[in-house]
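Q: Could you have a look at this structure, given as structure tokens, before my questions?
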Amino acid sequence: MYKQNNVIRDKSFEFSVRIVNLYKYLAFEKKETVLSKQVLRSGTSIGANVCEALQGFSTADFIAKLNISLKEAFETDYWLRLLYRTDYIEKKQFDSIIADCQELIKILTSIIKSTKNNS
């Protein structure tokens, strides 16, 4: 059962929802299939790995899963920048979603560092 008010779980889930909606826009409105599938995979993987981390068997397992989430967040950042620079998404869309991605990167980095320092 989930704890109430888990910031990283909630933010990564909401980000996944945004990524799914971006995928639908890219696939159906822009007829783009290759890059959209890449950003869908990496962007939704962030939250999935956060959920796995929260069910980790040990501190090392927790950190390992969060590190995967962090890597997926950096990959998602890359795909979002590429989609923007190749004119698949507009500046307003990009600015909003990249800010959310960068926030996840900062939170994940902070959690990983503090967990390592406390263990």
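Q: Given Gly47, Gly43, Gly56, which one is exposed (fewer than 15 other Cβ atoms within 10 Å of the Cβ) and either modelled with pLDDT under 95 or part of a helix (DSSP H, G or I) (or both)?
A: Matching residue, one of Gly47, Gly43, Gly56: Gly56.
Q: Determine whether segment 31-40 contains at least one residue that is part of a loop (DSSP other than H, G, I, E, B), open to solvent by 30 Å² or more (accessible area, probe 1.4 Å) and either touching a residue at least 60 places away in the same chain (Cβ under 8 Å) or of a type outside the set (A, V, I, L, M) (or both).
A: Yes; the residues of segment 31-40 include at least one that is part of a loop (DSSP other than H, G, I, E, B), open to solvent by 30 Å² or more (accessible area, probe 1.4 Å) and either touching a residue at least 60 places away in the same chain (Cβ under 8 Å) or of a type outside the set (A, V, I, L, M) (or both).
Q: How many residues are surrounded by 13 or more Cβ atoms within 10 Å (Cβ to Cβ) and free of Cβ contacts under 8 Å to residues at least 60 places away in the same chain when one looks only at segment 103-113?
A: Adding up the residues that qualify gives 3.
Q: Quick one: would you say Asn5 is assigned to a loop (DSSP other than H, G, I, E, B), within 21 Å of Thr115 (Cβ to Cβ) and not aromatic (Phe, Trp, Tyr)?
A: Against the criterion (assigned to a loop (DSSP other than H, G, I, E, B), within 21 Å of Thr115 (Cβ to Cβ) and not aromatic (Phe, Trp, Tyr)), Asn5 qualifies.
Q: Yes or no: segment 37-58 includes at least one residue that is over 29 Å from Ser119 (Cβ atoms) and aliphatic (A, V, I, L, M).
A: yes
Q: Name the one entry in Phe94, Phe62 that is hydrophobic (A, V, I, L, M, F, W, C) and open to solvent by 30 Å² or more (accessible area, probe 1.4 Å).
A: Phe62
Q: Kindly indicate which of Ser110, Ser114, Ser69 is within 10 Å of the chain's Cα centre (by Cα), in a helix (DSSP H, G or I), of a type in the set (Gly, Ala, Ser) and farther than 20 Å from Leu35 by Cβ.
A: That would be Ser69, the only listed residue that is within 10 Å of the chain's Cα centre (by Cα), in a helix (DSSP H, G or I), of a type in the set (Gly, Ala, Ser) and farther than 20 Å from Leu35 by Cβ.
Q: A further question on this structure: Go through segment 15-30 and give me each residue that's touching a residue at least 40 places away in the same chain (Cβ under 8 Å) and either assigned to a loop (DSSP other than H, G, I, E, B) or surrounded by fewer than 14 Cβ atoms within 10 Å (Cβ to Cβ) (or both).
A: Lys30
Q: Suppose we keep only residues that are of a type in the set (Phe, Trp, Tyr) and either out of contact with any Lys or Arg (no Cβ under 8 Å at 6 or more places or on another chain) or in contact (Cβ under 8 Å) with a residue 60 or more places away in the chain (or both) within segment 77-91. Which one would you say is most open to solvent (accessible area, probe 1.4 Å)?
A: It comes out as Tyr78.
Q: Any chance segment 92-101 includes a residue that's touching a residue at least 24 places away in the same chain (Cβ under 8 Å) and within 26 Å of Lys116 (Cβ to Cβ)?
A: Scanning segment 92-101, I find at least one residue that is touching a residue at least 24 places away in the same chain (Cβ under 8 Å) and within 26 Å of Lys116 (Cβ to Cβ), so the answer is yes.
The values are calculated or read from the model by the stated rules, or taken from the named source; none is laboratory data. Predicted model only: the values in this text are computed from it and were never measured. Cβ: placed from backbone, ideal geometry, glycine included. Neighbour counts: every protein chain shown. These area figures cover heavy atoms from the full protein model, side chains too; ligands, DNA and RNA do not enter into them. Shrake-Rupley method; radii C 1.70, N 1.55, O 1.52, S 1.80 Å.
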